[in-house]
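Beneath this line is the structure, given in structure tokens, with notes to follow.
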Amino acid sequence: MINNLLITNLNGNIVFSKYYNILTEEKQIEFEKLTYQFTKDEWSFAKGEKHLVTEFSGNKIVFTNVGDLMIFLCGSNEYDELALSEIIFPLMETIKEVCKKKGVTEAHFIEQIPKFVLYLDEIIQKGQIDQTQIESILNYSALKHDQPIKKETI
Amino acid sequence: MNKFGEKKDDDSESNSSELMLINLDKGQVIQEKRAFNETPVQPRKCSLVISQFLFLLARGDSFTPNEATDIFFAATKLFQSKDIPLRRLMYLLLKEFSTISKDAIIVISSLTKDVIHKIELYRANAIRILCKITDSSILPQLERYFKQAIVDKDPHVSSAALVSSIHLLKVSPEVVKRWANEVQESISNKSNMVQYHALALLHRIKQHDRLAVRKLVNSLIKNSVKSPYAQAYLIRCAVEVIEETHTEDRVYFEYIESCLRSKNEMVAYEAARSICSLKGATPKEITSAVGILQMFLCSTKSTLRFAAVRTLNKLAQTNPTAVIPCNLDMENLISDSNRSIATLAITTLLQVGNESNVDRLIKQIANFLGDINDEFKIVVVKAITNLSTKFPKKFRHLITFLNKILRDEGSLQLKQSTLDAILYVVNTIPDSKEIALSELCEFIEDCEFPDLSVQILNLLGQEGPLTNTPNKYIRYIYNRVLLDSGIIRAAAVTSIAKFGLLYEPMKEKIMILLKRCLLDEDDEVRDRATLYLSLFKEDNKRVLERVLIDDLPVPTQNLQRSLEAYLAQDDTTDPFDIGTVSTVLEQTQSPTISGKLSQTNQLGASSSPTNASTPGLSAAESVNQDLAKLAQIPQFATYGRVLKSTELVELTESESEYVVSCVKHIYKENIVFQFNCTNTLDEQRLDQVQVKMVPSNPKSMKNLGFMAIDQLKCNDPQSCYVSIGYNIQQAGYPIVSFTNTLKFKAVDVDPSTGEADDSGFDDQYPLERLEIVPSDFIQKTYTSNFKEEWEKLPDPPKPTCFQLLGVKTLKAATQEIISTLGMAPLDKTEQVPDKSQKHQILLSGKSIHTGTLIYAQARIKPDASGSNTDVALVVKSSDEDLIDFVYSAFI
């Protein structure tokens, strides 16, 4: 299954994480630490949305860079590097989509996390791939009143 | 007013007008849920509140069941709204809270209305929530909605229904199985995703029915599925059919091979990977699969290169010649910027390397070594170490390479594994000694890790005096005495003393050097120097040898643990016996790139060898734990004291679905077999797990019973036991072997929720054979005077001669004899000098029952054909039965 999705800034601080497999908090931290150790030297090569890959302890991780963010998608068994790569495409696209007005920066992304979660819900269901066609994903989660909701006052 | 915090972040030029969600307060947001109750519903306001909840969830805030229930029920009010975006958000919110909230079932009626709503978005999302909320009692009522949704015209809805059904299969398989017709229908859907999901679901529905799976695959491979995802999945199903039915029908192979030519990389890769993993693939098929992988090696996509090289790496382990055509492409990957690819390429190349290209390869790797991080370097060092056994003549290159890593910047962990590698090379290839020693001498001149210096000084003292030019090392060692800290100086003094003992011409000079150390400021250094010096003056070689040369016969950390355990126990009337200390060195695994951890705990790998987490329990520790567990089992309480626990024997491959290993606990008249079982399938729970053992010779023992494991969950190792009785006086030693089968009831479990489906089925799983061997009844003893003891005992008429079939090298034969007999090798006879044509092993041990001493002398040489080893074994003891038993191990 798809084990988890991590999104970090370029310093390696986690901005968003979603675990589909059930892990204790300690195990999550350990996993995150290892992911960092195994990949940190190569982050600069992931520029231009190149997908890089690493593997440890039976986990395959495809990672890439979008704007100021790094995306790590980890899977095992039938979700091998090619499948993960296939899934990371729509993820990148949605991140760009939710941040499109101001560019992909950490701050903008954090603000748009609710919207991102909506898209993510279309892409991955409980650790299984659901949709990868970016058009259909956007279509089904698009909010018609697409103003940045935050500016509303209550 | 809701106050959004402004994020204070010095790095980013955040606009002060931007409002951030970062400082959102949970309590406040919960208050704001009252917006849901307003009529008419204000979509924007409610959307904002839902967004805030989603943000809190994403941030990791947790909600109590009461909070969640409140929020959940407040949100159900929004079913009235006709605003599509708000509905979408509401669905997501309901889904997130449905698992924490109580009585989520309440919304089912609202959802069933939405499932048949005219807007697709409502249908798809309602299905998804239904899947989360329903249990096996409600599902039958909702069946028709699911069936309808599966064949929905809109691919999105259909996908949602199919994916939900995959999850529901774990909740209530019987119900979902009834939908097979609808699922079958949607396989021919135009949408790629629907095809894939339908195939995945249908395969899972039929999983336990081999014939049905075969039929499904048969029909689909003819119809040419279009979706690449579905094709890749179909290939896997085809592989499953081939492996499970051992069919001779080539139609599956042909289908897989035809997929090699697919334009879609994922499909082509899947086909290539499958062919490489199948045992029945023909050389021609493998060649074309390797051809595809070779093409992928040059791809611009890292993931594709990684996939290709990973598959080749695996293939190289079983079929190295098939990989050779790709060598050139893999060499290009050595400098790949994606290090995981580079490292895999290196290890693969080293695996298939041959005598002629290995030097060039090593040089090439050395050039780019600076670019990779320590984790990967450790992998490379391990691969290089393996080379030393394969190409012993290349030691010069290997040592230089390893030394370069040792000298470069690096963590202690990396350097320690490198030093271990060098020690390994030195021990296996005696010719490499001189070059390695002089390189290491240079290294300690400026080594920042005292631990490493001490180890190296120890090695220098041990090996230096035996080389042709012992003189040249003394200078380096004495430099340490002048320049380094206490702990290193002490090691250096010991090292110097060894030269004096082992190399006679230098004795006088050594004594002068030792005299100079007498005034050292460190107590330990002075003590050592004083002791050695006075022994040299007395010329007391015997004591010097004991002090300097005689190694402990067991690893020190094991000895330390055993001693600690001995002191911790209440009863210390029995003296401590060094023979009980395990000689198996603790192995901790660090995460490796191709890391198939034998422990299937996927994420539990410890990152450093010093960090001994559960997978890395030392042999001694795990034995102690085992014994503690045994002591608590009343059934075995009457057996008395455990005389001996044997080392772990693996009864399965470490990568199989169920991993089983066995420890034998020997009592005076009983043997308890402890089977450590691990279930690696997260979708299964095993109930009533036991091992059925069928003895080859039932007369020599009696079966006393077993203890099963109640429930064996995934990755939670537990033990079951079988106990037998024997009586040496009446029936002699039990010379017997067992055929073993793991028996259990398999119960399906939903890996995401951990819920089990109550119905299970009985199943069994074959295990490797298990034997009772003399080593189970013999304990190691160490004697410093083998010759005297040997001659005291009466000579047997003549040595017993036999052959070890299939054992080609003297080293392997020595290993086998020592491990079968379980006796301690003496006078370093466990090491076979290189190029020797024959070898003699001296062994000593004692019976665990009577304490009777037993000695053995084995002379081995390869037979004329070179594929077997001849052994002449003489065993001496005052116990005739024991002697016969020991011989029985081989004849």
Next on the checklist: Please go through the range A:63-82 and give me each residue that is within 9 Å of another protein chain (Cβ to nearest Cβ), more than 18 Å from A:SER17 (Cα to Cα) and either assigned to a loop (DSSP other than H, G, I, E, B) or out of contact with any Lys or Arg (no Cβ under 6 Å at 6 or more places or on another chain) (or both), ordered by number.
Outcome noted: A:GLU78, A:ASP80, A:LEU82
Checklist entry - So which residues in the range B:290-317 are over 13 Å from A:GLU55 (Cβ atoms) and among the polar types (S, T, N, Q)? => result B:GLN294, B:SER299, B:THR300, B:GLN317
Checklist entry - Only one residue in A:LYS27, A:LYS101 is more than 13 Å from the chain's Cα centre (by Cα) and either outside any loop (DSSP other than H, G, I, E, B) or crowded, with 17+ Cβ neighbours inside 10 Å (or both). Which one? => result A:LYS27
Checklist entry - Given the conditions (1) within 9 Å of chain B (Cβ to nearest Cβ); (2) in contact with a helix residue (DSSP H, G or I) (Cβ under 8 Å, 6 or more places away or on another chain); (3) surrounded by 20 or more Cβ atoms within 10 Å (Cβ to Cβ); (4) at pLDDT 85 or above, which single one is not true for A:PHE109? => result (1)
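Kindly indicate whether any position in the range B:807-817 is in contact with a Lys or Arg (Cβ under 8 Å, 6 or more places away or on another chain) and assigned to a helix (DSSP H, G or I).
Going through the range B:807-817, the residues in contact with a Lys or Arg (Cβ under 8 Å, 6 or more places away or on another chain) turn out to be B:810.
Retained after the next criterion (residues that are assigned to a helix (DSSP H, G or I)): B:810.
For the range B:807-817, residues in contact with a Lys or Arg (Cβ under 8 Å, 6 or more places away or on another chain) and assigned to a helix (DSSP H, G or I): present.
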Checklist entry - Which residue pairs have Cβ atoms under 6 Å apart, sit 6 or more places apart or on different chains, and have a first residue in the range B:461-488 that is outside the structural domain of B:LEU513 (by TED's automatic domain parsing) and within 13 Å of B:GLU445 (Cα to Cα) and a second that is surrounded by 14 or more Cβ atoms within 10 Å (Cβ to Cβ) and of a type in the set (Ser, Thr, Tyr)? => result none
Item to check | Tabulated pairs, the range B:25-46, first under 11 Å from B:LEU86 (Cα atoms) and within 12 Å of chain A (Cβ to nearest Cβ), second surrounded by fewer than 18 Cβ atoms within 10 Å (Cβ to Cβ) and among the hydrophobic types (A, V, I, L, M, F, W, C), C-beta under 7 angstrom, 6+ apart or interchain | outcome: B:LYS45/A:ILE154
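Would you mention how many residues in the range A:1-24 are within 23 Å of B:SER654 (Cβ to Cβ) and either more than 10 Å from every other protein chain (Cβ to nearest Cβ) or not in a loop (DSSP other than H, G, I, E, B) (or both)? Can you show your working first?
Step one: of the range A:1-24, the residues within 23 Å of B:SER654 (Cβ to Cβ) are A:1, A:3, A:21, A:23.
Still in the list and also either more than 10 Å from every other protein chain (Cβ to nearest Cβ) or not in a loop (DSSP other than H, G, I, E, B) (or both): A:3.
Matching residues across the range A:1-24 total 1.
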Checklist entry - Between a first residue in the range B:370-399 that is acidic (Asp, Glu) and a second residue that is in a loop (DSSP other than H, G, I, E, B), which pairs have beta carbons less than 7 Å apart while being 6 or more apart in sequence or on different chains? => result B:ASP374/B:GLY410; B:ASP374/B:SER411
Checklist entry - Could you give every pair whose Cβ atoms fall below 8 Å, whose first residue belongs to the range B:327-344 and is within 19 Å of B:ASN373 (Cα to Cα), and whose second residue is of a type in the set (Lys, Arg) and buried (at least 23 other Cβ atoms within 10 Å of the Cβ), counting only separations of at least 6 or pairs across chains? => result B:LEU333/B:ARG305; B:ASP336/B:ARG305; B:ASN338/B:ARG305; B:ILE341/B:ARG305; B:LEU344/B:ARG310
Checklist entry - Of the conditions (1) aromatic (Phe, Trp, Tyr); (2) at the interface with chain B (Cβ under 7 Å from one of its Cβ atoms); (3) surrounded by fewer than 20 Cβ atoms within 10 Å (Cβ to Cβ), A:PHE38 fails just one. Which one is it? => result (3)
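Criterion first (more than 25 Å from B:ILE50 (Cβ to Cβ) and more than 13 Å from the chain's Cα centre (by Cα)) does A:LYS40 satisfy it? First the steps, then the outcome.
Values: more than 25 Å from B:ILE50 (Cβ to Cβ): yes; more than 13 Å from the chain's Cα centre (by Cα): yes.
Spelling it out, A:LYS40 is indeed more than 25 Å from B:ILE50 (Cβ to Cβ) and more than 13 Å from the chain's Cα centre (by Cα).
Hey, any hits in the range B:227-237 for a residue that's more than 22 Å from B:LEU139 (Cβ to Cβ), away from chain A (no Cβ under 14 Å) and not hydrophobic (A, V, I, L, M, F, W, C)? Give the steps one after another, and end with the answer.
Taking the range B:227-237 first, the residues more than 22 Å from B:LEU139 (Cβ to Cβ) are B:227-237.
Restricting the remaining residues to those that are away from chain A (no Cβ under 14 Å) gives none.
No: zero hits.
Would you check which residues across the range B:368-389 are farther than 20 Å from A:TRP43 by Cα and either touching a Lys or Arg at 6+ places or on another chain (Cβ under 9 Å) or at pLDDT 80 or above (or both) and list them? Walk me through how you get there before you give the answer.
To start, the set of residues in the range B:368-389 that are farther than 20 Å from A:TRP43 by Cα comprises B:378-389.
Across the range B:368-389, the qualifying residues are B:ILE378, B:VAL379, B:VAL380, B:VAL381, B:LYS382, B:ALA383, B:ILE384, B:THR385, B:ASN386, B:LEU387, B:SER388.
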Checklist entry - For the range B:10-24, which residues satisfy the criterion of being facing chain A (nearest Cβ under 8 Å) and either modelled with pLDDT of 80 or more or under 26 Å from A:TYR19 (Cβ atoms) (or both)? => result B:MET20, B:LEU21, B:ILE22
Checklist outcome for this item: Pairs returned, first residue in the range A:44-62 that is more than 7 Å from chain B (Cβ to nearest Cβ) and free of Cβ contacts under 8 Å to residues at least 40 places away in the same chain, second residue that is hydroxyl-bearing (Ser, Thr, Tyr) and in a loop (DSSP other than H, G, I, E, B), beta-carbon separation under 9 angstrom, 6 or more apart or interchain, are A:SER44/B:SER337; A:LYS60/A:SER76; A:LYS60/A:TYR79
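Condition first: more than 30 Å from B:GLY822 (Cα to Cα) and either outside any loop (DSSP other than H, G, I, E, B) or at pLDDT 85 or above (or both). Now tell me which residues in the range B:661-707 satisfy that. Don't jump to the end; show me each part of the working.
Our first condition is that a residue be more than 30 Å from B:GLY822 (Cα to Cα); within the range B:661-707, this holds for B:679-689.
Passing the criteria: B:ASN679, B:GLN684, B:ARG685, B:LEU686, B:ASP687, B:GLN688, B:VAL689.
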Next on the checklist: Could you check the range B:168-181 and list, in sequence order, the residues that are surrounded by fewer than 21 Cβ atoms within 10 Å (Cβ to Cβ) and out of contact with any Ser or Thr (no Cβ under 6 Å at 6 or more places or on another chain)?
Outcome noted: B:LYS170, B:PRO173, B:GLU174, B:VAL175, B:LYS177, B:ARG178, B:ALA180, B:ASN181
Item to check | Some residue of the range B:311-325 being within 30 Å of B:GLU244 (Cβ to Cβ), surrounded by fewer than 18 Cβ atoms within 10 Å (Cβ to Cβ), more than 12 Å from chain A (Cβ to nearest Cβ) and over 25 Å from the mean Cα position of the chain (by Cα) | outcome: yes
Checklist entry - Checking B:ASP135 against (1) under 13 Å from B:ILE108 (Cα atoms); (2) in a helix (DSSP H, G or I), which test does it fail? => result (2)
Checklist entry - If you take the residues of the range B:418-447 that are buried (at least 18 other Cβ atoms within 10 Å of the Cβ) and in contact with a Lys or Arg (Cβ under 7 Å, 6 or more places away or on another chain), which of them is nearest to B:VAL380 (Cα to Cα)? => result B:VAL426
Checklist entry - When you go through (1) in a helix (DSSP H, G or I); (2) out of contact with any Lys or Arg (no Cβ under 9 Å at 6 or more places or on another chain) one by one for B:LYS118, which number turns out not to apply? => result (1)
Checklist entry - Taking the range B:47-77 on its own, how many of its residues are of a type in the set (A, V, I, L, M, F, W, C), in a helix (DSSP H, G or I) and more than 14 Å from chain A (Cβ to nearest Cβ)? => result 6
Item to check | The lone exception for B:GLU830 - which of (1) in contact (Cβ under 8 Å) with a residue 60 or more places away in the chain; (2) surrounded by 15 or more Cβ atoms within 10 Å (Cβ to Cβ) it fails | outcome: (1)
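The values are calculated or read from the model by the stated rules, or taken from the named source; none is laboratory data. Bear in mind that the values here come from a model prediction, so they are computed numbers and not experimental data. Here Cβ is always computed from backbone atoms with ideal geometry, including for glycine, and neighbour counts include all displayed protein chains.
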